[in-house]
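The values are calculated or read from the model by the stated rules, or taken from the named source; none is laboratory data. Keep in mind the model is a prediction, meaning the values are calculated, not measured. Quick reminder, even Gly has a Cβ in these numbers, built from the backbone with ideal geometry, and neighbours come from all protein chains shown. Only protein heavy atoms, including side chains, enter the accessible area calculation; ligands, DNA and RNA are left aside. Shrake-Rupley method; radii C 1.70, N 1.55, O 1.52, S 1.80 Å.
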Amino acid sequence: MSELVKRVEWTPLLFSVGLGCLLLPLFLALPFGNSPMVAGEMIQQAAQGVQGAVVDSVGAANLVTSVVLAYRGLDTLGELAILFAAATGAGMVLQSGSAALHQNTKMHKHIDSEINLGELFDSAATMLTPLLLLVGVYIILHGHLTPGGGFQGGVVVAVALFLPSWARNGGGQLSHKVISRIEGGAGASFIVIGLVALWQGDPFLTPWLAQGELGELFSAGTLPLLYLMVGLKVGAELAALLKYLAIDEQVQS
Amino acid sequence: MLGIILYSGAVALIVIGIAGLVRSTHLFRAVLALVIAESGANLLLMLAGFRLGGAVPIATEGSFPLAMVDPVPQAMVLTAIVIGVGIQALAIALLVRVKQRYGTLERSKVTAAMELELNK
């Protein structure tokens with residue numbers, strides 16, 4: 001018993017219990033189930049077409065999307081910047097040291113032919129890739145109508161981009177040039193769509209184009225376009241990240 | 001009652017994550033603890049926007065539900081999850097490098113090796 005008492009580190013344990021005791025009463029004081037929604041109320045009224053609503057309606061069937069891309073569009077741009085910084089940082093960390101190793105390995109053995117995951121895996125990847133791309137693009141393009149959108153669909157697209165090259169040769173063949181072009185182009189288009197709104201006299205990233213009929217695929221103005229750009233950017237970034245990690249593992253082995 | 005259970009669960013996730021972050025001896029487990037704490041924070045945000053009897057904030061057949069949950073925290077959590085993925089990837093990349101350089105991810109050994117290098 002005394003052995004056990006000695007082995008437990010008391011300071012971190014005390015710290016976490018104290019933190020829990022501080023946080024819990026704070027959150028229990030919040031109203032549950034009927035919390036006030038100030039901004040949410042405005043958005044809801046605008047969407048339901050109530051007269052004299054404080055904000056303008058965006059025309060997206062999925063209100064979460066209208067918050068992400070229209071009411072908080074600038075935050076989403078900042079968040080894309082964070083994701084970009086994280087992906088770049090991971091790429092820098094992983095690439096700097098492995099370049100020398102990479103050269104070394106390449107000299108006596110061609111790196112691409114080293115890992116063979118088998119025919120079953122290869123065929124499965126070939127069959128799954130178009131399906132994954134289809135699902136990913138579907139999720140991205142219906143982001144303003146159904147749950148989903150650029151971030152979720154982008155992850156699926158990233159897997160679709162990465163899977164075939166991973167199945168064949170450990171992720172080495174995914175062209176870095178193409179990926180960075182897609183990423184840069186998508187990011188720039190996002191900003192350009194925002195700048196056009198500025199040019200039309202509205203605040204930055206205000207949705208323009210016709211709002212169309214609620215629930216149609218071509219509705220909600222520029223929101224589907226913005227989500228498409230987000231999806232491409234997220235997909236390219238995550239695929240690049242997976243590629244860095246895969247190459248690194250390959251160099252190590 | 002339901003509120004107490006749900007809020008306690010979210011706070012417990014945060015506490016477990018932070019406790020793991022503080023006292024884990026393996027660096028990879030520290031990253032996993034961070035993930036747990038993050039999901040607790042996300043759950044808290046979702047709970048803050050939850051309304052009893054509220055429907056999803058999505059229009060079906062051309063009209064919005066009269067009572068719906070708050071869409072703003074949901075949008076925030078959506079962004080938080082993506083940022084979390086980015087941070088985890090960065091952390092894992094750093095761990096890969098640490099492992100390559102020092103051959104271990106034990107916190108005490110890595111710290112000792114780093115201090116040795118710094119004092120050289």
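So for A:His144, A:His176, B:His26, what's the accessible-area order with a 1.4 Å probe, most first?
If we order A:His144, A:His176, B:His26 from most to least accessible, we get A:His176, B:His26, A:His144.
Would you mind working out the accessible area per residue for region A:174-253, using a 1.4 Å probe, and quoting it in Å²?
Accessible surface, normalised per residue, equals 48 Å².
Beta carbons within 10 angstrom, averaged per residue: use that to sort the peptides A:78-89, B:72-83, highest first.
Top of the packing list down: B:72-83, A:78-89.
In nm, to one decimal, how far is the modelled label at B:Leu66 from the one at B:Thr111, with both set 7 Å along Cα→Cβ?
Output for this residue pair reads 6.0 nm.
Just to be sure I understand the curve: with the Debye formula and one point per C-alpha of chain B, what is log10 I(q)/I(0) at q = 0.14, 0.19 Å⁻¹?
The calculated log intensity ratios at q = 0.14, 0.19 Å⁻¹ are -0.74, -1.03.
Taking just the alpha carbons, could you work out the radius of gyration and Dmax for region A:187-227, both in angstroms?
Over region A:187-227's Cα set, Rg and Dmax evaluate to 10.4, 28 Å.
Give me Rg/Rg_expected for region A:2-48, where Rg uses Cα atoms only and Rg_expected = 2.2 N^0.38 Å with N residues.
2.18
Each label point is 7 Å from the Cα along the Cα-to-Cβ direction; what then is the distance between the points at A:Leu134 and A:Phe218, in nm?
Going from the A:Leu134 label point to the A:Phe218 one covers 2.3 nm.
In the calculated pair distance distribution of region A:137-237, what percentage of Cα-Cα distances lie above 16 Å?
61 percent
For chain B, which DSSP H helices look membrane-span-like by this rule: Cα extent along the axis of 24 Å or more and mean Kyte-Doolittle of at least 0.0?
The answer, listed by residue number, is B:2-23, B:27-48, B:71-102.
I'd like the FRET efficiency for A:Val50 and A:Val196, computed as 1/(1 + (r/R0)^6) with the beta carbon distance as r and R0 of 41 Å, rounded to 0.05.
E between A:Val50 and A:Val196, to the nearest 0.05, is 0.90.
Could you give the distance between the Cα centres of region B:49-97 and region A:35-78, to the whole Å?
Taking the Cα centre of each part, region B:49-97 and region A:35-78 sit 15 Å apart.
Binning at 20 angstrom from zero up to the longest distance, how are the C-alpha pair distances of the protein assembly as shown distributed in percent?
Binned Cα distances yield the sequence 24, 50, 25, 2.
Averaged over B:17-28, how many beta carbons belonging to a partner chain fall within 10 Å of each residue's beta carbon?
Partner-chain Cβ atoms within 10 Å, mean over residues of B:17-28: 3.
Heavy atoms only, probe 1.4 angstrom, no DNA, RNA or ligands counted: give me A:Phe204, A:Phe190 ranked by accessible area, highest first.
A:Phe204, A:Phe190
Under 19 Å between alpha carbons, and skipping anything fewer than 8 positions from A:Lys233 in its own chain: which aspartates and glutamates qualify?
Filter leaves A:Asp75, A:Glu79, A:Glu183.
Ignoring ligands, DNA and RNA, what percent of the 1.4 Å accessible area of chain B is carbon and sulfur?
Using a 1.4 Å probe with all protein chains present, chain B comes out at 71 percent carbon and sulfur.
What total accessible surface area, summed over both chains, is buried at the interface between chains A and B, computed with a 1.4 Å probe and given in Å² to the nearest 100?
Interface between A and B: roughly 4400 Å².
Leaving out ligands, DNA and RNA but keeping every protein chain, what accessible area does A:Asp248 have, in Å² rounded to the nearest 10, with a 1.4 Å probe?
My reading of the accessible area for A:Asp248 is about 10 Å².
Determine, from the Cβ-Cβ distance of B:Ile4 and B:Lys120 and an R0 of 45 Å, the FRET efficiency 1/(1 + (r/R0)^6), rounded to the nearest 0.05.
Efficiency computed from Cβ-Cβ geometry: 0.25.
Kindly report, to the nearest 10 Å², the accessible surface of B:Glu115 as traced by a 1.4 Å probe over protein heavy atoms only.
110 Å²
Where only protein heavy atoms count, and the probe is 1.4 Å, what is the accessible area per residue for region A:2-48 in Å²?
I get 67 Å² per residue for this part.
Would you mind computing, in nm to one decimal, how far apart the modelled labels at A:Ala81 and A:Leu13 are, each placed 7 Å from Cα along Cα→Cβ?
4.5 nm
Give the cross-link partners of B:Lys109 among the aspartates and glutamates, using a straight C-alpha distance below 14 Å as the criterion and excluding same-chain residues fewer than 8 apart.
B:Lys109 reaches B:Glu117.
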